[in-house]
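First comes the structure, then the notes that go with it.
The values are calculated or read from the model by the stated rules, or taken from the named source; none is laboratory data. Predicted, not measured: the structure shown is a model, and the values here were computed from it. Here the Cβ positions follow ideal geometry from the backbone for every residue, glycine too, while neighbour counts run over all protein chains shown.
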Number of protein chains: 6
Amino acid sequence: MAELDTGLPSVRQVQTYIQEKKGVEVKLTTGDVLAGQILWQDPSYLCLMNGQQERFFLSRGAVVYIKA
Amino acid sequence: MAELDTGLPSVRQVQTYIQEKKGVEVKLTTGDVLAGQILWQDPSYLCLMNGQQERFFLSRGAVVYIKA
Amino acid sequence: MAELDTGLPSVRQVQTYIQEKKGVEVKLTTGDVLAGQILWQDPSYLCLMNGQQERFFLSRGAVVYIKA
Amino acid sequence: MAELDTGLPSVRQVQTYIQEKKGVEVKLTTGDVLAGQILWQDPSYLCLMNGQQERFFLSRGAVVYIKA
Amino acid sequence: MAELDTGLPSVRQVQTYIQEKKGVEVKLTTGDVLAGQILWQDPSYLCLMNGQQERFFLSRGAVVYIKA
Amino acid sequence: MAELDTGLPSVRQVQTYIQEKKGVEVKLTTGDVLAGQILWQDPSYLCLMNGQQERFFLSRGAVVYIKA
C-alpha cells in the first residue's frame with residue numbers, strides 16, 4: 001500500500017489540521033475555493049467537509065494551495 | 001498489473017459508493033460537473049454512468065473532486 | 001517496453017471499442033471534443049480517426065473523458 | 001539515459017513523421033496550434049520547426065494532440 | 001521518507017531564500033500571484049507566508065514560477 | 001541526487017543555449033511568455049533571467065515550449 005509519508009512537513013501539517021479540526025480554504029485548479037475541515041488525507045486525495053456537511057474528495061493534483 | 005490500492009481510504013470510499021450505487025457529482029479540470037453513479041474504478045480511470053445511461057471514462061488526472 | 005496493462009478494465013474497455021470500431025467522443029483538457037473511432041492505444045497516446053479520416057494522436061494526459 | 005521507447009506505436013509513428021518530413025499540427029494545453037515538421041523527439045520534448053524556420057521545444061506534457 | 005534532493009540547484013536556491021527570509025513572488029497555474037516569504041519546502045509542497053501572516057501550502061505541481 | 005539526463009537531446013540543446021547565452025522565449029501554461037536567457041537547468045526547474053535582470057525559477061511542468 002502506498003504509504004502516506006508522515007516524515008514530510010506538509011503531511012504532518014495537514015495531520016495537525018485534521019486533529020485540530022481547523023478551518024481551511026483549499027484553492028483548486030479550476031479556480032474554485034472550498035472552505036471547511038479536512039477529515040482525512042491519503043497519498044492521492046484529501047477529504048474536506050464544508051459548512052453544509054458536504055464531503056469533497058479532492059484530487060491532490062487539483063489542489064493549488066491550502067490556506068490556514 | 002497495476003493494482004488498485006485498496007488500502008487507501010479514497011479507493012475504499014469510492015468502492016463503497018460503487019456498491020451502494022450512490023449518486024455523486026464529479027468536477028473535472030475543464031469545469032464540467034458530471035452527476036451519476038460510479039460503475040467501476042481502476043488506477044487510471046473511473047467509469048461513471050449519468051442519468052441518461054451514458055458512460056464516461058474519466059481520467060483520474062482530470063478529476064478535481066468527487067462530491068457525495 | 002512500457003506494456004499496455006491489459007489487466008485494467010479501462011484498457012480492456014478501450015480495446016473493445018477499437019475492435020468494435022465504436023463511435024466515441026473524447027473531451028480534452030482544452031475543452032475540445034473530438035468524435036470518431038479509436039484506432040489504437042498505447043501507454044502514452046490514443047489514436048483517434050474522425051469523420052473526415054483525420055488522425056489525432058491524443059496524449060493520455062490531455063484526455064478528460066471518453067464517452068461511448 | 002531515459003530511452004525513447006521505440007516499442008510504442010506512438011513513438012514509431014512520430015519517428016515516421018520525422019523521416020518523412022511530414023507536415024503536422026500540434027495542439028497545446030494553452031490552446032495554441034503549431035504547424036510544421038517534427039525534427040526530433042525524446043522522452044520529455046518534441047522539437048518542431050514551423051514555416052518560418054523557428055524551432056519550438058514542446059514539453060510532451062503540454063501536447064494535447066498531434067494531427068497528421 | 002521522500003527526501004528533498006538538496007543536490008539540485010533549485011532546491012538549494014529555495015533553501016537560500018528561506019534562510020535569507022527573501023521576499024519572492026510565486027505564480028500559480030490559476031494565474032494567482034502570491035507574494036511573501038517561503039518558510040519551508042518539501043518534495044510536494046512549499047509553505048509561503050504573505051504580508052498578512054497568512055500561510056499557504058502550495059502544491060509544487062501548481063507552481064508556474066518563483067520570482068526573486 | 002536526481003541527475004539531469006545529459007544523454008537527452010533536449011537537455012543538451014538547453015545546455016547549448018546556456019553556454020551560448022542565447023535569447024529564448026518560454027511559453028508557460030498560464031499563457032505568459034517570458035523572454036530572456038536560461039542560466040541553469042535541473043530535472044525540476046529552469047532558471048531564466050529576463051531583460052530587467054529578474055530571475056524566474058520555472059517549473060518544468062509549467063513550460064509549454066521553449067522557442068529559440
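Find the residue count for the range E:23-52, including only residues that are more than 27 Å from A:Pro43 (Cα to Cα) and within 11 Å of chain F (Cβ to nearest Cβ).
Number satisfying all stated conditions: 2.
Can you confirm whether B:Ala35 is under 25 Å from A:Ile38 (Cβ atoms), surrounded by 15 or more Cβ atoms within 10 Å (Cβ to Cβ) and small (Gly, Ala, Ser)? Give the steps one after another, and end with the answer.
Numbers: under 25 Å from A:Ile38 (Cβ atoms): yes; surrounded by 15 or more Cβ atoms within 10 Å (Cβ to Cβ): no; small (Gly, Ala, Ser): yes.
Taking the combined requirement at face value, the residue does not satisfy it.
Taking the range B:5-53, which residues are over 13 Å from the mean Cα position of the chain (by Cα) and among the aliphatic types (A, V, I, L, M)?
The answer is B:Leu8, and nothing else.
Return the pairs, sorted by first residue and then second, in which the second residue is acidic (Asp, Glu) and surrounded by fewer than 20 Cβ atoms within 10 Å (Cβ to Cβ), the first residue lies in the range B:29-53 and is modelled with pLDDT under 95, the beta carbons are less than 9 Å apart, and the residues are 6+ apart or on different chains.
Hits for this filter: B:Asp42/C:Asp5; B:Pro43/B:Glu3; B:Pro43/B:Asp5; B:Pro43/C:Asp5; B:Ser44/C:Asp5.
What is the one condition in (1) more than 11 Å from chain F (Cβ to nearest Cβ); (2) among the β-branched types (Val, Ile, Thr); (3) closer than 14 Å to A:Pro9 by Cβ that E:Val14 does not satisfy?
Only one criterion in (1) more than 11 Å from chain F (Cβ to nearest Cβ); (2) among the β-branched types (Val, Ile, Thr); (3) closer than 14 Å to A:Pro9 by Cβ is unmet by E:Val14, namely (1).
With the requirement that a residue be within 22 Å of E:Val64 (Cβ to Cβ) and touching a Lys or Arg at 6+ places or on another chain (Cβ under 7 Å), what does the range A:28-45 give you?
Within the range A:28-45, the subset within 22 Å of E:Val64 (Cβ to Cβ) is A:28-34.
Once the filter is applied, which keeps residues that are within 22 Å of E:Val64 (Cβ to Cβ) and touching a Lys or Arg at 6+ places or on another chain (Cβ under 7 Å), the range A:28-45 yields A:Thr30, A:Val33.
Which of the residues that make up the range C:38-54 are in contact with a helix residue (DSSP H, G or I) (Cβ under 9 Å, 6 or more places away or on another chain) and surrounded by fewer than 18 Cβ atoms within 10 Å (Cβ to Cβ)? Spell out how you get there, then give the answer.
Applying the first criterion (in contact with a helix residue (DSSP H, G or I) (Cβ under 9 Å, 6 or more places away or on another chain)) to the range C:38-54 yields C:38-47.
C:Leu39, C:Trp40, C:Pro43 - these are the residues of the range C:38-54 that are in contact with a helix residue (DSSP H, G or I) (Cβ under 9 Å, 6 or more places away or on another chain) and surrounded by fewer than 18 Cβ atoms within 10 Å (Cβ to Cβ).
Can you name the residue in the range E:8-22 that is of a type outside the set (Lys, Arg) and more than 16 Å from F:Cys47 (Cβ to Cβ) and is also surrounded by the fewest Cβ atoms within 10 Å (Cβ to Cβ) among such residues?
We begin by selecting, within the range E:8-22, every residue of a type outside the set (Lys, Arg); these are E:8-11, E:13-20.
With more than 16 Å from F:Cys47 (Cβ to Cβ) added as a condition, the list becomes E:18-20.
On the way: E:Ile18: 17, E:Gln19: 8, E:Glu20: 10.
The qualifying residue surrounded by the fewest Cβ atoms within 10 Å (Cβ to Cβ) is E:Gln19.
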